[in-house]
Structures are given as C-alpha cells and as structure tokens.
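Visitor: Sending over a structure as structure tokens; questions will come in a sec.
The values are calculated or read from the model by the stated rules, or taken from the named source; none is laboratory data. Owing to the predicted nature of the structure, the values given are computational and were not obtained by experimental measurement. Here the Cβ positions follow ideal geometry from the backbone for every residue, glycine too, while neighbour counts run over all protein chains shown.
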Amino acid sequence: MTDLEYLHIDDAFVVVCKPSGLLAVPGRGPENADCVTARVRDKFADCPVQPEAHRLDMDTSGLMLVARTKEAKRALSIQFQNRETDKRYVAILTGVPSEQSGSVVLRFRLDVDNRPHQIHDPVQGKLGITHWEVVQVEEGRARVLLHPVTGRTHQLRVHMAHELGVGLPIVGDPLYGAGTGPGKMLLHAFALAFTHPVNGERCEFFSPPPF
C-alpha cells in the first residue's frame, strides 16, 4: 500500500491528493477497507472516526480535505454544506462540445434499482449546477474546466454525460461512459479553497492533473 501525497499538514486538518481508484471512505466489506480516511487515521491516530470534510468519487483524483479534530470536522463540513468553499476540476471529455462554455442545471437522484447510478428526475431530483469551459482540444477530445456550484453525488459525471447537459461522458467513466475499470477516469480536483477552521484565514491549494 503506497502512502498518500500530503500537500498540507497542521493540527486542524490535512490536505491530500487522492489517486483515482482509491475510495475516499470505507466501503462495505473488509476488501473495501482501504481508503483515504483509513490511511490518514493510520498516520494520525488522533483523527475522528469519520474525519472527511467532504468526499470524492472513487474514480476521481485530486484534492481532499480531512479533519484532525471533531471541531475542525464540524466547521469544515458546514463550509461545504453552505457552499462557502470553492472547488475546481479538470476533465477530458470523449468529444468536443458544440459550445465553448456553458452551465448545466439539472435535477437528478439515485437510481434505487441500479445503484450507484444517478438518474435525471425533474420532480424528485436534487438540483445540481455546474459551470464548464473548454480550455483545449486534443485529438478530438476536449479538456474542460469544471466549477460545481452544488456538490451532488456524481454531479460532474452526470452533467457531462447526460443529453440534457453537455452530452459527452468523461473519458474512462465506468458508470456514465465507456470506462472499463477503476482508476482510469480523467477527472481531477485541482483547486480547493476554504476558510481555516481555527485561525479564519483563507486557504487555497492546487494539484496539477496527472493527465
């Protein structure tokens, strides 16, 4: 088991770079025990039992914030809930959108008959909002910057793939595209900003995409 890349360590929290294919939190069964929070707790025994301030999909790589105290966990989680944090992602799409930029506003929810897929539901779905912009085109595939306003499960993946969104799945997405396995999806959380839970200073972290 290789250790995580730590971008920041202090008494209140750590910022790590999660590789694609690694769970953020434990899954069901002992075979799914290895995850970001388990590795952080192995390194810092004083962490809360559930230290994550937010989560990333297993197939998403990039910046993840993990609290080292219950007080920090509470304060940081509230910032995510109240949309006081700023998260930016980069992704490679399977094609090139017809527009250079745009916003996706789409309601979706869990498909209870096909977990963990999310499906469009304009009535019972939770609203998701994502701003996107094409920054480069390489070999018929667009590199896009993604700015999620909300933080729904699989939001960026659904918003890119769905015909009412951009209509182009993220390369390597095994749920909404043609991905064949974990660890191959080209979606990376490259920027994260939030307020320090102790001293109140604004914190900004960056992680260049591995693709």
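Visitor: For region 88-122, give me each residue that is of a type outside the set (D, E, K, R), over 17 Å from THR153 (Cα atoms) and outside any strand (DSSP E or B).
Guide: THR94, GLY95, VAL96, PRO97, SER98, GLN100
Visitor: Shifting gears a bit: Identify the single condition in (1) surrounded by 15 or more Cβ atoms within 10 Å (Cβ to Cβ); (2) part of a loop (DSSP other than H, G, I, E, B) that TRP132 does not satisfy, given that it satisfies every other one.
Guide: Every condition holds for TRP132 apart from (2).
Visitor: Specify the residue that is surrounded by the fewest Cβ atoms within 10 Å (Cβ to Cβ); the eligible residues are those in region 19-48 that are of a type in the set (Lys, Arg) and not in a loop (DSSP other than H, G, I, E, B).
Guide: LYS43
Visitor: A further question follows. Any residue that is surrounded by fewer than 14 Cβ atoms within 10 Å (Cβ to Cβ), within 15 Å of the chain's Cα centre (by Cα) and of a type in the set (Ser, Thr, Tyr) - is there at least one of those in region 196-211?
Guide: no
Visitor: Do you know which residues across region 1-18 are assigned to a loop (DSSP other than H, G, I, E, B) and either surrounded by 15 or more Cβ atoms within 10 Å (Cβ to Cβ) or basic (Lys, Arg) (or both)?
Guide: Matches in region 1-18: LEU4, ALA12.
Visitor: Can you find a residue in region 198-210 that is in contact with a helix residue (DSSP H, G or I) (Cβ under 9 Å, 6 or more places away or on another chain) and in the same structural domain as VAL66 (by TED's automatic domain parsing)?
Guide: Yes, region 198-210 contains at least one residue that is in contact with a helix residue (DSSP H, G or I) (Cβ under 9 Å, 6 or more places away or on another chain) and in the same structural domain as VAL66 (by TED's automatic domain parsing).
Visitor: Now, a different point. Could you tell me whether region 82-89 includes any residue that is charged (D, E, K, R), modelled with pLDDT of 95 or more, buried (at least 21 other Cβ atoms within 10 Å of the Cβ) and under 18 Å from the mean Cα position of the chain (by Cα)?
Guide: To start, the set of residues in region 82-89 that are charged (D, E, K, R) comprises 83-84, 86-88.
Now restrict to residues that are modelled with pLDDT of 95 or more: 84, 86-88.
Checking which are buried (at least 21 other Cβ atoms within 10 Å of the Cβ) leaves us with 87.
Checking which are under 18 Å from the mean Cα position of the chain (by Cα) leaves us with 87.
Within region 82-89, one or more residues are charged (D, E, K, R), modelled with pLDDT of 95 or more, buried (at least 21 other Cβ atoms within 10 Å of the Cβ) and under 18 Å from the mean Cα position of the chain (by Cα).
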